[in-house]
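Student: Supplied in structure tokens, the structure appears directly below.
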Amino acid sequence: MHFWKAFLHIGAPRKRDFPGHQPGEHVELITVLHWVSLVPFFFQVAILFGLSIWFITSDLYSEITDVPRIFTMSIVVALFIHALCFRLYNYSLKVILVTNFRVIDIRHSVFLKREREAIPMFNIQDLRYQQSGIFQRIFHYGTLMILGSSTDLKYVFRYVPRVNKFHHILAEVHQKRLREQSSFPSAMLREKGIPPAS
Amino acid sequence: MNWWLFFGFHILSLVFCLMATRATFRYLSKYRMTPQTSFLMVGLERTQYVALFYVGSILILTLLSLAVGIFHFFS
């Protein structure tokens with residue numbers, strides 16, 4: 001058990017809240033995408049798996065090759081387990097983070113992809129969310145749109161879980177950040193003992 | 001079919017599975033999660049079940065292939 005924990009880095013001390021954490025930054029919300037984003041992939045895998053098993057158990061297989069069925073079957077099962085679990089690992093590595101400074105979209109995969117996009121709070125002009133369709137309403141997910149300060153800046157996050165709650169938290173953090181920024185010069189002047197201009 | 005090819009595939013498969021599991025957990029362990037901030041997150045703790053299933057099933061398939069190989073060898 002100790003080996004397993006050491007191998008997987010479970011219980012290791014964490015110095016930062018997330019990779020790329022800046023001083024003074026604190027996390028307000030972490031989320032992965034909704035599990036519905038996995039459904040199309042799982043359907044494809046299930047159909048392919050069914051077809052493969054049907055082929056291996058059919059008479060056609062024995063006409064084509066003399067490789068024992070158990071060999072091929074175990075290889076096919078292993079490949080499908082790899083596909084499923086690898087997809088689940090990738091799913092857990094795609095993270096949306098909201099901190100008091102920025103919104104970070106981390107799109108990593110296990111081996112091949114390292115991608116990160118950060119949207120500073122002061123670049124956010126407007127926040128919108130959309131839940132349309134019966135599935136989005138039943139399973140509580142939707143699309144979140146972050147509109148940037150220039151017209152061509154638009155960030156779209158699909159399959160955001162509890163999108164209304166997510167939007168609410170993000171809007172609160174955004175407003176708080178804007179208030180802090182707008183009060184910053186007067187607070188600095190007060191600290192220095194300079195009276196604000198009337 | 002040469003049994004060694006079959007067994008070799010499963011050994012490589014097991015190695016790949018362990019590498020993927022380690023890489024994933026090394027990265028996920030960099031997040032510090034609290035119930036207040038990560039209530040929507042599939043974190044380290046819940047991904048452990050996936051890892052358990054993944055490593056367990058691939059290990060069982062490898063052992064099964066070994067058993068089949070031994071059976072073929074002695075029969």
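None of the figures in this text is laboratory data; all of them are computed from the coordinates on show. All values derive from a computational prediction rather than experimental measurement. No Cβ is skipped: glycine too gets one built from the backbone with ideal geometry, and neighbour counts run over all protein chains shown.
Student: With axes computed from alpha carbons, what is the tilt in degrees of helix A:39-57 against the longest principal axis of chain A, rounded to the nearest 10 within 0 to 90?
Tutor: Here the helix axis deviates by roughly 10 degrees.
Student: Can you put A:152, A:66, A:126, A:105 in order, fewest other beta carbons within 10 Å first?
Tutor: Details: A:152 5, A:66 8, A:126 12, A:105 16.
Placing the least packed residue first, the sequence is A:152, A:66, A:126, A:105.
Student: Suppose we keep just the DSSP beta bridges with both residues in the protein assembly as shown; what percent of those would be antiparallel, to 5? Let's see the in-between values first.
Tutor: Details: 27 of 28 bridges.
Of all bridge pairs located within the protein assembly as shown, approximately 95 percent are antiparallel.
Student: Another question, if that's okay. If you line up the long axis of helix A:163-192 against the longest principal axis of chain A, both from Cα atoms, how many degrees apart are they, to the nearest 10?
Tutor: Rounded to the nearest ten degrees, it is 30.
Student: Subtract the Cα-Cα distance of residue A:101 and residue A:178 from 0.36 nm times their separation in residues, and report this length gain in nm to one decimal. The partial results should precede the final answer.
Tutor: Values: separation 77, 0.36 × 77 = 27.72 nm, distance 1.03 nm.
Result for the pair: 26.7 nm of gain on full extension.
Student: Defining a contact as two alpha carbons under 8 Å apart and six or more residues distant in sequence, what relative contact order in percent does region A:9-158 show? Present the calculation step by step, with values, prior to reporting the outcome.
Tutor: Values: 161 pairs, mean separation 27.2, N = 150.
Relative contact order of region A:9-158: 18 percent.
Student: Taking a virtual spin label 7 Å from the Cα of residue A:143 along the C-beta vector, which residues in region A:79-118 bring their backbone nitrogen under 18 Å of it?
Tutor: It comes to no residues whatsoever.
Student: Over chain A, consider all pairs of different Cα atoms and compute the Kirkwood hydrodynamic radius from their mean reciprocal separation; express it in Å, one decimal. Please list the in-between numbers first.
Tutor: On the way: mean 1/r = 0.0474 Å⁻¹.
Radius from the Kirkwood sum: 21.1 Å.
Student: Given the options A:161, A:40, A:19, which has the most mean-square fluctuation in a GNM of chain A, springs set between C-alpha atoms less than 10 angstrom apart?
Tutor: A:19
Student: Under a plain spin-label model, where a point goes 7 Å from the Cα along Cα-to-Cβ, how far apart in nm are residue A:79 and residue B:4?
Tutor: 2.4
Student: Also: So which of A:94/A:165; A:113/A:176; A:154/A:176; A:165/B:30; A:113/A:165; A:154/B:30 end up more than 23 Å apart by C-alpha? Kindly include the intermediate steps, with their values, before the conclusion.
Tutor: Working: A:94/A:165 19 Å; A:113/A:176 34 Å; A:154/A:176 21 Å; A:165/B:30 25 Å; A:113/A:165 29 Å; A:154/B:30 29 Å.
Flagged as over cut-off: A:113/A:176; A:165/B:30; A:113/A:165; A:154/B:30.
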